[in-house]
Every structure is written in structure tokens, then in C-alpha cells.
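Before any comments, here is the structure.
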């Protein structure tokens, strides 16, 4: 007789990947940035600088370093050299001596001298306004170029650092495995009216509120709009979050 094969237990239904479409509804994104803007209408970066050149240098030095640590070093550096010509006169060793408290200071000093030389040779000593020209400078990548374009020249660019990357994912504003993917996602959904300051709002929110290990959800003005599994605080209805911020 042919053997009867009995069917085994049915496999559990596969969980469908949760779509992020609802999380990037235009009304929700606009409300997130409306609240961030209300809490800090004129956000500022924390790197100290004098002009576009010193901003460029400060951002190059900030890789794998804190803004506070960079500021401590650049106060003496910029007092001695705040133009490409003065920086070249200082020389690589002179730059090293003034930034040696910063990690990777030898390579960074080399890049500072290299970009100073390139600015003098190719741009008349001025920091260019074009992304391609900025990214061609020694030590300058897309993130650095975005910071300079936004902060020095008012361009609606977004520099995705670790804070922006984290906040974008937690709030469901953008997803992606790379900073570029997240940057492109953010540029697609952030309302134009908020693009100029979006970079600083997201960085400062990630640095001081939506922190990596212990997010301060109870102090977050967009807590009720956040669907992150890292959220630990019961925010209540939307109006409570705004009222809570106003009472602080």
C-alpha cells in the first residue's frame, strides 16, 4: 500500500515588514519640524569660527572629535591663522602644535595645509560655493561640504552625522544603511520652509535629547510622534508634549 503522508502543523504566518510610508506622512513631518522650530527658532552649530575658511577648517578637524575639543584647539589656531595664506605660513608643524589635543591631529594638520594650498592655487584664497569644488579639497567629504554649504552660504543641505542618522531612523523620517541614503530620504520629506535649519535641529536634538543610550523622551517635544522601540516614556496625546515643553 502506498504510504499516507500526513501534513505537519501549519507554519506560522510570516510577519510582514512594517511599512514606513505612514511614518513619513507630510502632515506628521511638518508637525515634527514645526515643534522643533518653535522650541529653537534660530538653531546654531557649536563649532566656533570666524569666516567660511575657519568654518571649513573646524569641520575638517571635527571628524572623530567633539565640538568642545575642536573649539579648545582652534581658538589658538585661528588667532594665529584665519586665512589660507596665514595657515600656509604657519606650516604643518605649526598647525600640529596647536591641534595636538585632537585625535588624528597629524593627518588633520596635513589636510589643513593641503586645503589651504588648494584654496590659494585654485580659488583665489576663497572657499568655493560649489559642492564638487569643496569635495575636491584635501580632507573634505560630502558631510563637511554640506556643513559649509549650509552654515556659511545658507544652502538647504543636510549633513548626516551619527546624531542625524539616529534621529532620522527613530522618528521614521528616513531609512537607509548609509548617511547618503538617509540624506536623500530627509531631503525628500522635509518641507522646504524648514530645510535651512533642519540640519542643526536634528543634530542638536540627537545630541541633547534623543541620545543614543538614554534618550530623554520625557523632555522631547516630538515624543508623541515617535514610534521608536527605544522610546520609554508615555508621552500622552500630542498637545501634552507641546505643553510640557512650554512649562519647562
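Coordinate-derived values only; no laboratory data. Since the model is a prediction, treat every value here as computed from it, not as a measurement. Counting neighbours? That spans all protein chains shown, and the Cβs are built from the backbone with ideal geometry, glycine included.
Brief remarks on what is shown
- For the stretch 160-220 versus the stretch 27-84, the gap between their alpha-carbon centres in whole angstrom: 16
- The stretch 52-151: C-alpha pair distances exceeding 24 Å, %: 11
- On Cα atoms only, tilt of 67-80 relative to the major axis of the chain in degrees: 20
- On Cα atoms only, tilt of 52-61 relative to the major axis of the chain in degrees: 60
- Cα long-axis angle, helix 84-99 against the chain (0 to 90 degrees, to the nearest 10): 70
- With contacts taken as Cα pairs under 8 Å at a separation of at least 6 residues, the chain carries a relative contact order of 18 percent.
- Per-residue [θ]222 nm for the chain (sum of -39500 (n - 2.57) over DSSP H runs n ≥ 4, rounded to 500): -16500 deg cm²/dmol
- Listing 62, 116, 175 from fewest to most neighbouring C-beta atoms within 10 Å gives 175, 62, 116.
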